[in-house]
Amino acid sequence: MGWIDRLKGVFSPQAAITKETITSSKELYNAMFEGVESSSGVAVSPELALRYTTVMICVRVLAESVAGLPCILYRRRADGGKDRAIDHPLYRVLHDRANAWNTAFEHVEGTMVNLAMRGNGYSYVERNAKDQTIGLIGLNPDPVEIKQARDWTPIYTVTMPDNSRQTLKTKEMHHIRGPFPKGYIGQSMISLARDAIGLGQAAERFGSHLYKNGVKPSGVLKHPQKLGPEATESLRNQFQEKYGGLSNSSRPLVLEEGMEWLALSINPDDAQFLETRKFQRSEIAGIFRVPAHLVNDLERATFSNIEHQTLDFVVHSLRPWLKRWEQAINRDLLSTAEQGEYFAEFLIDDFLRGDFKTRMEGYALGIQNGIWNPDEIRIKENSNRRDDGEGGKYWRPANMYPPEAGGMMPSPDIPAKKSA
């Protein structure tokens, strides 16, 4: 199948094929599927980069971390508080089911993969007669084209299921942009870090070929006599058959007729192969802002600092992504009239929870100072409210009560005395 046939669905089949369109289309196809060559000589594209373990781990960590956080639609209260807007159709779309065949987790996970790799996440917005969002359908970001209307609003052209090209209105598209946006489009971290990823892939391939060839270190066989072409080829094949490949890498060499084995290759440690792999793993994790321990780099991790690294991950990596999601949801999925009443927010409490002893100490201080009541703490710990009805009361230190109460906490059965 030619590259033009494989581009169906990206470009309209009815479009006139000219030299200019062929050139631009082929370049786009190479960037999407075959990759762009990096300085190390390795082609890098989003799909090829995902086969590199460190990139795959980073993308997976970001996608699963964001998708694992509940996204809640709230209704603002007049007193400054908020209530869950469970009666709004968008609540179910964000929290439970994005559409008829995708759960909310699956939709967010897939969109985050596109955001982390391609810099953009697109979803088609389904609305009811009241202009309320009732569904989100994830779109492949590669064939999406964005143009600018005369009033500066973006116009999206997408590929429909029947491979036709259709222009969508702004209200029909949910668009989340990644870091370093250029106008309406976010930039791909894979393309920006192409050389770093290519170097990591080159080191990984070097290690694979090192084990594939089997004879370590590689070298030459020295024969005391002169061999003809046929004898040389026969000796090479016999030697490769017996000692080549990973399964034969530990077999002892048996040399005859006075032959000698002269090692010529550089030891992987001398070539700093392992150090290169470690450095690239750390560098790529830094590009995606994923802590080292989450990409299986535990050299500097301890039991005391992993909790702080996780907190740093939430604050400096996840939180910017969550703000992009929250503000894009409020902009795209709520009508102008609804934006003053509703807003979306991710719950990050689970990531910020400490160990059991630390949580209990914090809860105790919160109850003693009247910040929370016992029922609120039980809900945070995924438990039901107290059955005796006493869990909804707030407490505070006795010395914080007003003078009319005698500076003491009043008894529940005896009302506080009023001052004369």
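The values are calculated or read from the model by the stated rules, or taken from the named source; none is laboratory data. Please read these numbers as outputs of a predicted model, since none were measured by experiment. All Cβ positions, even for glycine, are placed from backbone atoms using ideal geometry, and neighbour counts span all protein chains on display.
Data for the structure
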| quantity | calculated |
| --- | --- |
| Yes/no for Y91 being out of contact with any helix residue (DSSP H, G or I) (no Cβ under 9 Å at 6 or more places or on another chain) and closer than 22 Å to A67 by Cβ | yes |
| Flag if F180 is of a type in the set (F, W, Y) and part of a helix (DSSP H, G or I) | no |
| Of residues in the stretch 131-141 being surrounded by fewer than 18 Cβ atoms within 10 Å (Cβ to Cβ) and of a type outside the set (A, V, I, L, M), the one farthest from W325 (Cα to Cα) | D131 |
| Test: N128 is surrounded by 18 or more Cβ atoms within 10 Å (Cβ to Cβ) and either over 19 Å from L322 (Cβ atoms) or polar (S, T, N, Q) (or both) | no |
| Tally, over the stretch 69-109, of residues that are assigned to a helix (DSSP H, G or I), among the charged types (D, E, K, R) and more than 20 Å from D131 (Cβ to Cβ) | 2 |
| Any hit, the stretch 345-355, residues being farther than 27 Å from G68 by Cα and at pLDDT 65 or above | no |
| Condition check for E109: charged (D, E, K, R), touching a residue at least 12 places away in the same chain (Cβ under 8 Å), assigned by TED's automatic domain parsing to the domain that holds D332 and within 25 Å of R289 (Cβ to Cβ) | yes |
| Output for the stretch 183-223, where each listed residue is modelled with pLDDT of 70 or more and not in a helix (DSSP H, G or I) | G183, Y184, I185, G186, Q187, S188, A193 |
| All positions within the stretch 42-67 that are of a type in the set (G, A, S) and within 11 Å of the chain's Cα centre (by Cα) | A63, S65, A67 |
| Spans of helices (runs of 4 or more DSSP H) in the stretch 306-367 with at least 1 residues touching a helix residue (DSSP H, G or I) at 6+ places or on another chain (Cβ under 8 Å) and among the β-branched types (V, I, T) | 306-313, 319-332 |
| Qualifying residue in the stretch 124-135 (condition: under 27 Å from L318 (Cα atoms), assigned to a loop (DSSP other than H, G, I, E, B), in contact (Cβ under 8 Å) with a residue 40 or more places away in the chain and assigned by TED's automatic domain parsing to the domain that holds S191) | no |
